[in-house]
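Read-outs: derived from the displayed coordinates by stated rules, not from any lab. All of these numbers come straight from a predicted model, not from anything done at the bench. Don't worry about glycine lacking a Cβ; one is built from the backbone with ideal geometry, like all the others, and counts go over all protein chains shown.
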Amino acid sequence: MDLLNAFIALSNFVLIPGIAYGSQLALGALGVTLIYGILRFSNFAHGDTMAFGAMATIMVTWLLQSWGISLGPLPTALLALPFGIAFTALLLLGTDRVIYRFYRTQKSPPVIFLIVSLGVMFIMNGLVRFIIGPGDQRFADGERFIIRAREFKAWTGLSEGLAFKTSQGITVITAVIVVAWLFWFLNKTRTGKSMRAFSDNEDLALLSGINPERVVTITWILVAALATIAGVLYGLDKGFKPFTYFQLLLPIFAAAIVGGLGNPLGAITGGFVIAFSEVTITYAFKKVLTYILPDSLDPTGLVQLLSTDYKFAVSFVILIIVLLFKPTGLFKGKAL
Amino acid sequence: MSEPFLIGDKMTGGYGKGPDILHDCTLAVNKGEIAVIVGPNGAGKSTAMKAVFGMLNVHTGAVRLNGEDITKLSPQARVAKGMGFVPQTSNIFTSMTVEENLEMGAFLREDGMEETMQQVYDLFPILKEKRLQAAGELSGGQRQQVAVGRALMTKPTVLMLDEPTAGVSPIVMDELFDRIIEVARTGISILMVEQNARQALEIADKGYVLVQGANRFTDTGQALLADPEVRKSFLGG
Amino acid sequence: MTVNMKNISLFALVGVLIIGAGIIQGANTALLILNFGLISAIMSLGVNLQWGLAGLLNVGVMGFVALGGLAAVLVSMPTTYDAWSAGGGRMIVALLVGLGAIIATVFAYKKLPAGKTRTLAILVLLIAGFFLFRSLFDAAVTEIERVNPAGTGYLGGLGLPVIISWPVGGLLAAGAAWVIGKVALGLRSDYLAIATLGIAEIIISLLKNEDWLSRGVKNVVGIPRPVPYEVDLQASQAFIDTAASIGFEPVLASTLFVKLCYAALFTTVLLILLWLSQMALNSPWGRMMRAIRDNEVSSQAMGKNITARHLQIFILGSAICGIAGAMMTTLDSQLTPTAYQPLRFTFLVWVMVIVGGSGNNWGSVLGGFLIWFLWVEVEPMGAALMNLITAPMADGYWLKDHLLESVAHMRLLTMGIILIVVLRFSPKGLIPEK
C-alpha cells in the first residue's frame, strides 16, 4: 500500500508534470529544429514567437468568451488556436519577407541570421508587451481537472491523492497528434519529403527542381503552428506571462541540442530529457521516501537536490555535458 | 552536317564577375551519343560542363539544346527543359532512402513516375534491393548509381555527369560505364567529364581534350586514343 | 568631409543630444545619462572585442555584468563578523568540498582508462561529493542567514575601497568566461551563444537566491562610494562658498559635483580600456585575430590554434563587461538582482556594438553613448508621441488608456527596429571598421 502511495505521489508531482512539460518543450524544440534544418540558423526569437502565438490565441479566446462561445468542459482556447496559428503564421511570413529573405539572397552566414533574430526577438517582445502588457494573463476556462485529488482518494481509498489537470491531458493528447501528423507530413507527403531533401542537400534540391521559397514558406507556417501550440499549451498549464516565454528559450535550445539540432526525433527526445531532469532534480522527494522507507529511516530534510529557482541550471548542465561529450547530440543532428 | 542535339558553342566566361576560365570552348553531343571531356588537372573540364548547364557566367558564345538558345536560362530551368546533371560530390540526399532520392529526382514531373522508377531499377537492380535503405549508408559505387538514377527520373534528353567514377574501384568503374552505355542506347545524350581518360574515351563517340579552358583536340574517342600526340601528353604514353 | 571629420561630428552630435537633454530636463539628468553612457561604452567595448575582433557571440553579457556587481558587494561592504563566526568557516569548507569533488571528477575522467570502472568512479565521486557538499553547505547557510536577517543575513564583504572591486569584477567575469569558453568554444558559433545565455540566467538566479552571499532579493544597499556624499558636501562650508562663488545653490551643486566625480572616474577607466583596445586591435595579435575571424580555415592551416586564441579574447571581453558591471553597481550604490534583465543588459549592448560599428572601438563607444541616450529618451519621446496620437480620442476610451499605459514597451520595439534597420542598410555601423 505504501509503495502504491509512493507511486501515486511520484506520478502526481513528477511523472505527470514531467510528461506535460516535456511535451511543451518538445513542441518548442521541434520549431527550433525545423528552422535550423531548413533555414540553417538558431532562431533566438522562438521564445517570443511562442509568446506571440499564445497572445494571439488569448485575444481570440477572450473574444469568443465575450460572445458566449465555449467548448464546455474544454478550454475555449482550443477553439481559438487555429486563429492564433493563422496570426502567427502571418507575422512570421511577414518577418521573413521583410527581414530574413534579404539575408537569404545574400547568402549571409548563420551568425548574421542569429543576430538578426535577436533584433526580431526585441521587436516581438515589444509587440507582445505593447499589446497585452507584461503581466500574467488568465485565459483557461472549462473543467479544471480530469481527476481530482479528493475524488481519487475517495475512489481508491489511498491516502495519497492523484490530480490530473485538464491542461495536462490536453497537452499530452495535442502533442501526440501534432507530432504524429508532423512525422507523417515529413515522411509521407511530397512536400514534406521536399523539405527533408532541401535540408539534406540544398544544391541538389535546387537541381531537382524544388522551389526553395516554397519550402521556406511552408517551414515558417509549420513553425508558427508548432510555436503557437507549444505557447498555448504552456500558457494553459502554467499561466501566460511574456517574460517566461523568453526564459523558455534556454530549455528549448537545450532540448534541441541534446537531441541533435535539425533532427525532429532528437528534439522530442531532448524535450523529455530536459523536462524530466528538471522536474526530478527540483522535486522534494521527502513524501515519496517517507512511504517507501521504514519509519526509522524517514528523511528529515526535503530531499530536494536543487531548489526550483535553479531549474534553468538543470537544462544548462545537461547542455554542457552534451556539448562536452557529444556535440552533435544524442541523435545525429543537421538534416531533417 | 546538321547541328548537334546539345552544343556549347564558343563559350567564354568565368564564375560570377571573376576572370574568364573558359576561352572559346566548344562542346557538343548528338542524340544518343556519349561525349567525354578529358584533360589535365585544372584544365577547366568541370567548369566547361557547368557552363553548358548554366552555372557559369558565359558572356560570349551560346548554349543551344535541340536548336533552342538556352544561354540565359537558369540551371533549374534547364532541368525543366530536359537536362539532367549529376554533380561530382554531394550528389545524393544521404539521409533519405534510395526510393525517396528517386522521387525527389522526379519532383518537377506532373505525370506518374512509377514507370521511370521501374526503368531505373531495371538499369540498377541493386537499387531496387536497397530502395528502403538510407542512401548515405550505401557503398561508393551504389551511391553513384543513386545519383545517376536520381538524374534520370526527370526523363532527361541529355545527361551530364561530372566525374562519375571518382573514387570507385576499377571493377565498379567498368560496371558504371556499361550502365552509361545502356542509358545512351535509350536515346539519351551523355556528356561527361572523366579523370580515367583512356577507359572513358573507349566508350566515347566524341572526345574533347581541354587545356587551360580551351579545346586542344576534338575527335571521335577511338581517333583520340590512336593519336600519338594525345597518347603522349594526356594518356601517359 | 573626411572620415575623421565625420566621426568627430558624430561624437559631437551625441554630445549635443546629451547637453540638449540637460537643458530640457536638467543637468542632473544629463549627467546621469553621461555616467551610464560611459559604463555602456565600456560594456560595448568588451562585446566588440569578442564580436568585432573575433566573431564570438556572447549572449550572456548580463551575467558577466552581474558578477561585477557581486564583486562590488564582496569587496566593499563591511564584513559581518557574527555571520562569519556563525557559519563562515563551515561555508568555506563546504565550498572547498564542492570544488574538490569537481576537481576529483575531472581528474578521474582524465587519468582513469575509459570503461565501467571510470564511469562508476565518476558517478560515486559526483554523487557522494554532492551530498557531502549539500549537507555542509545547507548547515552553513542556515547559520549565516540566521544572523540578523533583516539587516545583514549574509557574510558581508571585505570592507575595502570599492574601486578595488572594479578589477575584481573583471577577474570574476574572466573566471566564468574561462569555464564557458573551455566548454563551448571550438564548437559551432551558436553553441557559445546558447551557453552564454544559460550562464547569465544561472548567475542571476544565484544572486537572487544565495542570500548568504548577496542577500538575494533583499538587495544590498549602501555600498560605500569612491566619491564624497552630498550631505557631507552640503555640510562643508568651503564647498558652499565655492558653489556660491560660481552661482550655484549648495544642494544642486553637491548632486552635480558627485556625478561629475563619477564621470571623471569612469572616463579615466574608459580611456584606459579604449587605449588598450586600440593597442590590441593594431598589434600583431589583433591582426591575427581578424585574420582568424575572416578566414578560419586558412588560419588553421597556417598553424594558429584558433580555439586557444578565441578563449583569450572571450575572457578579455567578458572581463571588461565585469569591470563595467562593478562600476555600475558602484554608481547605483546597491545591488538589486531583480534589476538584471537580459533585454537591457545583454541585447541592448549588442545594439550598441552593431549600431556603432562592429570591429571599431570608437564605434562601440559612440554606440554605447547614443543607444543609451535613446534608451533613456525614447520613453518620454514615445509618451509625447502617444499623447499626440491619442489626443483626439475621448478620455476613458479603452484604446487611449491602453496606448498610454503601453508606452513603456515602446523602447523594446524601437531598439529592435533600430538593430534590424542598421543591419540591413548599414551593416558596418556608424563608424565602420578600417
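Residues whose amide H falls under 5 Å from that of B:PHE217, counting only those 5 or more places apart or on a different chain, are B:VAL209, with hydrogens built in the peptide plane.
In this structure, the amide hydrogen of B:ILE37, modeled 1.01 Å from its nitrogen in the peptide plane, lies closer than 5 angstrom to those of B:MET192, B:VAL193, B:GLU194, B:TYR208, counting only residues at least 5 positions away or on a different chain. DSSP beta bridges fully contained in the protein assembly as shown are about 60 percent antiparallel. Before rounding to the nearest 500, sum -39500 (n - 2.57) across all DSSP H runs of length at least 4 in chain B and divide by the residue total; then give [θ] at 222 nm in deg cm²/dmol. Here the helix-only value at 222 nm equals -10000 deg cm²/dmol. With the simple model of a label 7 Å out from the Cα in the direction of the Cβ, A:LEU15 to A:LEU206 spans 5.2 nm.
Computed from the C-beta positions of A:LEU265 and A:ILE321 and an R0 of 22 Å, the FRET efficiency is 0.65 to the nearest 0.05.
Site pair A:PHE183 and C:LEU404 shows an inter-label distance of 5.6 nm when each label is modelled 7 Å from Cα along Cα→Cβ. Positive end of the dipole of the range C:61-209 (Cβ unit charges, origin at the Cα centre): among C:GLY98, C:VAL141, C:SER85, the Cα lying farthest that way belongs to C:GLY98. This ranking places C:MET91, C:MET327, C:MET288 by how few other beta-carbon atoms lie within 10 Å of each, fewest first, which gives C:MET288, C:MET91, C:MET327. Across the range A:200-207, rounded Karplus estimates of 3J(HN,Hα) from the backbone phi angles (6.51 cos²θ - 1.76 cosθ + 1.60, θ = phi - 60°) give 6, 7, 4, 4, 5, 4, 5, 4 Hz, Gly and Pro being marked x.
Ordering C:GLY115, B:VAL29, C:LEU274 by the projection of their Cα atoms onto the charge dipole of the protein assembly as shown, which places +1 on the Cβ of Lys and Arg and -1 on the Cβ of Asp and Glu, puts C:GLY115 at the extreme positive end. Of all the options A:LEU114, A:LEU248, A:LEU302, the one that moves most in a Gaussian network model of chain A with Cα springs shorter than 10 angstrom is A:LEU302. Considering every alpha-carbon pair of the range A:2-325, the percent of pairs per 10 Å bin, from zero through the bin containing the longest distance, is 6, 24, 32, 23, 11, 4, 1, 0.
The calculated FRET efficiency for the pair B:GLU110 and C:ILE122, based on their C-beta separation and a Förster distance of 56 Å, comes to about 0.40.
For A:LEU74, the amide hydrogen comes within under 5 Å of the amide hydrogens of A:GLU143, counting only partners 5 or more places away or on other chains and with H modelled in the peptide plane. Just so you know, the Cα atoms of the range A:1-84 work out to an Rg and Dmax of 18.0, 54 Å.
All other residues whose Cβ lies under 14 angstrom from that of C:ILE315 are scored, Lys and Arg at +1 and Asp and Glu at -1, for a net of +2.
Taking the square roots of five times each eigenvalue of the Cα gyration tensor of the protein assembly as shown, the equivalent ellipsoid has semi-axes of 58, 38, 29 Å, listed largest first. The sum of -39500 (n - 2.57) across all DSSP H runs of n ≥ 4, divided by the residue count of chain A, sets its helix-only mean residue ellipticity at 222 nm to -22500 deg cm²/dmol. DSSP bridge analysis restricted to the range B:90-237 gives an antiparallel fraction near 55%, rounded to the nearest 5. Pairs with C-alpha atoms separated by more than 27 Å, drawn from the list A:LYS165/A:LYS241; B:LYS17/C:LYS6; A:LYS241/C:LYS218, are B:LYS17/C:LYS6. Choose one of C:GLY367, B:GLY236, A:PRO17: the residue whose Cα lies farthest towards the positive end of the charge dipole of the protein assembly as shown (beta-carbon charges +1 Lys, Arg; -1 Asp, Glu; about the Cα centre). After comparing all options, I get B:GLY236. In this rough spin-label picture, where each label sits 7 Å from Cα along the Cβ direction, the C:LYS6-A:ASP2 distance is 7.9 nm.
For B:LYS155, which lysines qualify as cross-link partners when the Cα separation must be under 24 Å and same-chain residues fewer than eight apart are set aside? Straight-distance partners of B:LYS155: A:LYS188, A:LYS193, B:LYS31, B:LYS50, B:LYS72, B:LYS81, B:LYS128, B:LYS130, B:LYS206.
The local environment of C:ALA339, defined by Cβ-Cβ distances under 12 Å, has a net charge of +1 under the rule Lys, Arg +1 and Asp, Glu -1. When a/c is below 1.5 the answer is rounded, else prolate if a/b is larger than b/c, else oblate, so apply that to chain C with a ≥ b ≥ c taken from the square roots of the Cα gyration tensor eigenvalues. Because a/c hits 1.5 or more and a/b fails to exceed b/c, chain C counts as oblate.
In order along the range A:235-248, the phi-based Karplus estimate (6.51 cos²θ - 1.76 cosθ + 1.60, θ = phi - 60°) of 3J(HN,Hα) comes to x, 4, 6, 10, x, 9, 8, x, 5, 5, 6, 4, 5, 5 Hz; Gly and Pro are listed as x. Computed from the C-beta positions of C:GLN341 and B:LEU132 and an R0 of 51 Å, the FRET efficiency is 0.45 to the nearest 0.05.
Reported to the nearest whole Å, the Cα centre-to-centre distance from the range C:213-262 to the range A:177-202 is 66.
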